[in-house]
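S.K.: Here you go, one structure.
The values are calculated or read from the model by the stated rules, or taken from the named source; none is laboratory data. Since the structure is predicted, the reported quantities are computational estimates derived from the model, not experimental observations. Cβ sites come from the backbone with ideal geometry, for glycine too, and all protein chains shown count toward neighbours.
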């Protein structure tokens with residue numbers, strides 16, 4: 001499981017399939033600091049800074065500087081706003097950089113992400129991150145739009161520099177998220193199609209670390225922290241169970257364990273260290 005902090009709901013793109021949380025206002029820096037302190041005091045091992053797009057947040061770098069000594073930091077970004085200098089200056093402070101790469105075709109990419117999307121920027125950031133010894137995760141959302149193009153993404157990943165153990169390629173099966181107003185069920189592929197694609201890719205790219213992600217995995221893999229510090233646990237229909245500024249994260253999790261079965265909550269030990 002992952003502790004994902006949606007530091008902002010704002011984004012520079014307009015992806016039609018986006019299922020990120022959107023109904024929270026961006027908070028002032030001093031409140032973000034309080035949330036960061038609360039997460040650090042919970043003995044969380046790692047926090048994923050996500051959004052929206054984290055790099056639209058004016059104080060993102062200050063937030064990273066504050067969290068660095070207390071938590072392992074990963075960032076999920078569409079890569080459009082990442083300055084090259086950031087990868088050089090913050091390479092010691094970032095454990096992982098996760099970027100989305102759904103196709104190698106510019107036309108398809110802009111259809112999925114909007115007309116402002118720059119595919120070359122994403123490819124460049126992936127290369128520069130590895131050159132700066134930053135491990136990367138590449139998320140590929142598989143839908144009817146791009147299912148025929150996914151193998152080309154694998155070809156690009158194989159061409160990247162350095163040790164392939166620094167790269168995780170996550171294949172995510174598109175599903176019509178019930179919290180998105182727009183019905184996009186026509187973009188879904190079947191479980192069989194997704195499974196067949198994964199098997200083919202594993203066969204053709206034996207040297208790559210490919211991880212398939214289905215609907216159930218997505219729904220049970222994240223503890224979400226909203227921009228104002230609300231906590232949303234897996235499979236809870238985006239409903240808050242409390243706020244980390246007011247109540248310790250460990251207490252919020254423990255008080256709500258009864259809602260979830262052991263299979264879903266077993267990986268929590270990867271996030272929360274046991275207190276001595």
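S.K.: Has segment 32-55 got any residue that is modelled with pLDDT of 95 or more and farther than 23 Å from residue 231 by Cβ?
M.R.: Yes; the residues of segment 32-55 include at least one that is modelled with pLDDT of 95 or more and farther than 23 Å from residue 231 by Cβ.
S.K.: Something else now. Do any helices (runs of 4 or more DSSP H) entirely within segment 167-276 hold 1 or more residues that are at pLDDT below 90 and closer than 22 Å to residue 98 by Cα, and if so, which? So that I can check it myself, show each step before the final result.
M.R.: On the way: elements: 191-204, 215-220, 249-255, 262-265.
Per the criteria, 215-220.
S.K.: Let me ask something else about it. Any residue at all in segment 12-27 that's in contact with a helix residue (DSSP H, G or I) (Cβ under 7 Å, 6 or more places away or on another chain), within 28 Å of residue 144 (Cβ to Cβ) and modelled with pLDDT of 90 or more?
M.R.: Scanning segment 12-27, I find at least one residue that is in contact with a helix residue (DSSP H, G or I) (Cβ under 7 Å, 6 or more places away or on another chain), within 28 Å of residue 144 (Cβ to Cβ) and modelled with pLDDT of 90 or more, so the answer is yes.
S.K.: Filter segment 117-136 for residues that are in contact with a strand residue (DSSP E or B) (Cβ under 9 Å, 6 or more places away or on another chain) and surrounded by fewer than 19 Cβ atoms within 10 Å (Cβ to Cβ) and give the result.
M.R.: If we filter segment 117-136 for residues that are in contact with a strand residue (DSSP E or B) (Cβ under 9 Å, 6 or more places away or on another chain), which is where we start, we get 122, 125-126, 129-130, 134-136.
Passing the criteria: only 135.
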